[in-house]
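Take a look at the structure below.
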């Protein structure tokens, strides 16, 4: 790989060196002809004389000796703590008496990736995938969400008053957010329903399929976890009627369905808990606008800052 600041490629260096060595040009004349400094022309000429064309490629700038490099035994301590406890550079640095930046460089030098890119259970790098077309795979999951009592909960009224309001049973309980999220585009469809029974999940899938179809996306497969509702005949019959192939994640591996799990975290942060609401009705009234913002306007870091709508061809409203 050519250095990004190199004024000459190996071909240009060879031409310069041959002008001096074989054609007898003065160094300054060759340097002026190839628009480089006298020092640069001298370097490539010297290397060509002693090493031939092999000497005209870039060399590593790493020094031959590093007398102040962290001792091997100390590096092994940092690596052992990282592997045993799955911690970042700060805590190993504090325990071994070195700077956090030094511990970070040690982890980088030995090819250990940042913890954010690793599986929490195994410590191994997460294997990421993405389907090539919308509709090839749709992730489905349910998020349980506490209702806001009429008059407001603890975020609006404070802990004591909010708890008292909840005890009066003024609209408390739970909602179940059912979400279908396209793997390729991250386009999402969500409904707030009263339970997560098999019939409810099957009805949601029917409506989600129609919603995606209206936007030019035909669902081919759905991926769910191993919840009871997704193992029943009601679910499989609905999938069969819609021409959808059902898939389930491996037990105890929620990372496989991680895209919809991450969507639910975004939904909680940016909508459900984003501000104090005085009732569940008030919170639900803001949801359609938020979902429209997510699908059509919010940059998504998982798809290089694009919006989900931009990955679906000719989706109505994507330019609004």
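The values are calculated or read from the model by the stated rules, or taken from the named source; none is laboratory data. This one's a predicted model, so the numbers in the text were calculated from it and none came from an experiment. Note: ideal-geometry Cβ built from the backbone for every residue, glycine included; neighbour counts use all protein chains shown.
Quick one: would you say residue 251 is under 28 Å from the mean Cα position of the chain (by Cα), loosely packed, with under 14 Cβ neighbours inside 10 Å and outside any helix (DSSP H, G or I)?
The answer is yes for residue 251.
Can you name the condition, by its number, that residue 28 falls short on among (1) within 30 Å of residue 304 (Cα to Cα); (2) free of Cβ contacts under 8 Å to residues at least 40 places away in the same chain; (3) out of contact with any strand residue (DSSP E or B) (no Cβ under 8 Å at 6 or more places or on another chain)?
Result: residue 28 fails condition (1) only.
Among the residues of the range 225-232, is there at least one that is in contact (Cβ under 8 Å) with a residue 40 or more places away in the chain and outside any helix (DSSP H, G or I)?
Checked against the condition, which is being in contact (Cβ under 8 Å) with a residue 40 or more places away in the chain and outside any helix (DSSP H, G or I), the range 225-232 yields at least one hit.
Output the number of residues of the range 213-224 satisfying the condition of being touching a strand residue (DSSP E or B) at 6+ places or on another chain (Cβ under 7 Å) and either assigned to a helix (DSSP H, G or I) or more than 22 Å from residue 311 (Cβ to Cβ) (or both).
Going residue by residue through the range 213-224, those that are touching a strand residue (DSSP E or B) at 6+ places or on another chain (Cβ under 7 Å) are 217, 219-224.
If we keep only those that are either assigned to a helix (DSSP H, G or I) or more than 22 Å from residue 311 (Cβ to Cβ) (or both) too, we end up with 224.
Of the residues in the range 213-224, 1 are touching a strand residue (DSSP E or B) at 6+ places or on another chain (Cβ under 7 Å) and either assigned to a helix (DSSP H, G or I) or more than 22 Å from residue 311 (Cβ to Cβ) (or both).
Could you check, for the range 156-169, whether at least one of its residues is at pLDDT 90 or above, more than 23 Å from the chain's Cα centre (by Cα), surrounded by fewer than 16 Cβ atoms within 10 Å (Cβ to Cβ) and assigned by TED's automatic domain parsing to the domain that holds residue 222?
For the range 156-169, residues at pLDDT 90 or above, more than 23 Å from the chain's Cα centre (by Cα), surrounded by fewer than 16 Cβ atoms within 10 Å (Cβ to Cβ) and assigned by TED's automatic domain parsing to the domain that holds residue 222: absent.
In the range 231-245, which residues are in contact with a strand residue (DSSP E or B) (Cβ under 8 Å, 6 or more places away or on another chain) and buried (at least 18 other Cβ atoms within 10 Å of the Cβ)?
235, 239, 244
Taking the options 207, 237, name whichever one is over 17 Å from residue 191 (Cβ atoms) and either in a helix (DSSP H, G or I) or modelled with pLDDT of 95 or more (or both). Spell out the reasoning first.
Numbers: 207 fails: over 17 Å from residue 191 (Cβ atoms).
237 is the lone residue from the list that is over 17 Å from residue 191 (Cβ atoms) and either in a helix (DSSP H, G or I) or modelled with pLDDT of 95 or more (or both).
I'd like to check something: does the range 74-85 contain any residue that is under 30 Å from residue 113 (Cβ atoms), surrounded by fewer than 14 Cβ atoms within 10 Å (Cβ to Cβ) and touching a helix residue (DSSP H, G or I) at 6+ places or on another chain (Cβ under 6 Å)? Before you say what the answer is, go through the steps one by one.
Narrowing the range 74-85 to residues under 30 Å from residue 113 (Cβ atoms): 74-85.
Then keep just the ones that are surrounded by fewer than 14 Cβ atoms within 10 Å (Cβ to Cβ); that gives 76, 80, 83-85.
Filter again for touching a helix residue (DSSP H, G or I) at 6+ places or on another chain (Cβ under 6 Å), leaving none.
Checking the range 74-85: not a single residue is under 30 Å from residue 113 (Cβ atoms), surrounded by fewer than 14 Cβ atoms within 10 Å (Cβ to Cβ) and touching a helix residue (DSSP H, G or I) at 6+ places or on another chain (Cβ under 6 Å).
Which one is surrounded by the fewest Cβ atoms within 10 Å (Cβ to Cβ), of the residues in the range 278-294 that are closer than 19 Å to residue 143 by Cα and touching a helix residue (DSSP H, G or I) at 6+ places or on another chain (Cβ under 9 Å)?
Looking at the filtered set, the residue picked out is 286.
Please enumerate the residues belonging to the range 1-29 that are outside any helix (DSSP H, G or I) and surrounded by 16 or more Cβ atoms within 10 Å (Cβ to Cβ).
Answer for the range 1-29, where residues must be outside any helix (DSSP H, G or I) and surrounded by 16 or more Cβ atoms within 10 Å (Cβ to Cβ): 8, 25.
Go through (1) surrounded by 12 or more Cβ atoms within 10 Å (Cβ to Cβ); (2) more than 30 Å from residue 129 (Cα to Cα); (3) modelled with pLDDT under 90 for residue 32 and report which single condition fails.
Condition (3) is where residue 32 drops out.
Given the criteria farther than 30 Å from residue 303 by Cβ and surrounded by fewer than 13 Cβ atoms within 10 Å (Cβ to Cβ), does residue 117 qualify?
It is false that residue 117 is farther than 30 Å from residue 303 by Cβ and surrounded by fewer than 13 Cβ atoms within 10 Å (Cβ to Cβ).
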